[in-house]
Amino acid sequence: MSQAELITYVRIAEVLTALGMITQEKGRGVVEEFRDVAHEEITPLHHVSYALEDFGAAVSIHAEDVDFADVAYGELLADAAALTGGAVEVTEYRFEKADEDDPEDGRGVMYFTAQGQRHSFGVEQESNDYFDIGAAQAAIEALSPVDDPRDFRCVDYGPEGPYQGWDAIMVLATAEQRAALGHHLGLTFEDPCHGL
């Protein structure tokens, strides 16, 4: 990572704009929204990745209570698809619970269609209040646009998480953009999980 500049909202806006991941207008708008802290250093590293969502360059898989995860997976997939700028649309989402008689049971299978393909991902989270992070990550990776150098990858927190209670941050970027995010913002990315 380049040590020349502190990582701030202003710096993140500059980096994302230079990489073509957001427009200048978007960058200015977010900096204005966070104007009271826009020049303050962002630490630790997972807070830097969280800021990417503020810029519309990422989507987070919440580690905290989401209520009714069986419904929230569909909303999460729609949010991730929106990052593609219309290249990917999620349709026919449904969740089949392992135990239909237990509203608290989060186990089951999510189904959806994207880019003309049907997808299914098993969910092993026992509580319907929380996402199965691995299943959600694999489902979002399936939304990587075909015939496009960008794909979804999860920010790698190393031994710290995201399974340590932090949100998993999914970024849609090219390999070159991910390398630049590493150089300028210190972010690294996990290998794809390929549907677990």
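The values are calculated or read from the model by the stated rules, or taken from the named source; none is laboratory data. It should be emphasised that the depicted structure is a prediction, and the values quoted were computed from it without experimental measurement. Positions of Cβ are backbone-derived with ideal geometry, glycine not excepted, and every protein chain shown enters the neighbour counts. The protein model used for the area step is the full one, side chains on, heavy atoms only, and it has no ligands, DNA or RNA in it. Shrake-Rupley method; radii C 1.70, N 1.55, O 1.52, S 1.80 Å.
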Just to be sure I understand the filter: pairs with C-beta atoms under 8 Å, separated by 6 or more residues or on different chains, first member in the stretch 158-176 and within 27 Å of residue 78 (Cβ to Cβ) and among the aromatic types (Phe, Trp, Tyr), second member in a helix (DSSP H, G or I) and at pLDDT below 80. Which pairs pass? 166/160
Keeping to the stretch 177-193, report how many residues are touching a residue at least 40 places away in the same chain (Cβ under 8 Å), outside any loop (DSSP other than H, G, I, E, B) and farther than 26 Å from residue 135 by Cβ. 5
Go through the stretch 51-68 and give me each residue that's within 13 Å of residue 128 (Cα to Cα) and either surrounded by 22 or more Cβ atoms within 10 Å (Cβ to Cβ) or among the aliphatic types (A, V, I, L, M) (or both). 63, 66
Got a sec? Which of 119, 183 is open to solvent by less than 50 Å² (accessible area, probe 1.4 Å) and not aliphatic (A, V, I, L, M)? 119
Over the stretch 15-38, the set of residues in a loop (DSSP other than H, G, I, E, B) and open to solvent by 90 Å² or more (accessible area, probe 1.4 Å) is 35, 36
Within the stretch 1-14, track down each residue that is buried (at least 18 other Cβ atoms within 10 Å of the Cβ), assigned to a loop (DSSP other than H, G, I, E, B) and not aliphatic (A, V, I, L, M). 8
When you check residue 48 against the structure, is it farther than 15 Å from residue 12 by Cα, of a type in the set (A, V, I, L, M) and touching a residue at least 60 places away in the same chain (Cβ under 8 Å), yes or no? no
Need a quick list: strands (runs of 3 or more DSSP E) entirely within the stretch 47-166 having at least 1 residues that are in contact with a helix residue (DSSP H, G or I) (Cβ under 9 Å, 6 or more places away or on another chain) and within 26 Å of residue 19 (Cα to Cα). 58-61, 151-154
Identify the single condition in (1) touching a Ser or Thr at 6+ places or on another chain (Cβ under 9 Å); (2) open to solvent by less than 30 Å² (accessible area, probe 1.4 Å) that residue 93 does not satisfy, given that it satisfies every other one. (2)
Based on what the data block shows, is residue 167 modelled with pLDDT under 95, of a type in the set (D, E, K, R) and open to solvent by 30 Å² or more (accessible area, probe 1.4 Å)? no
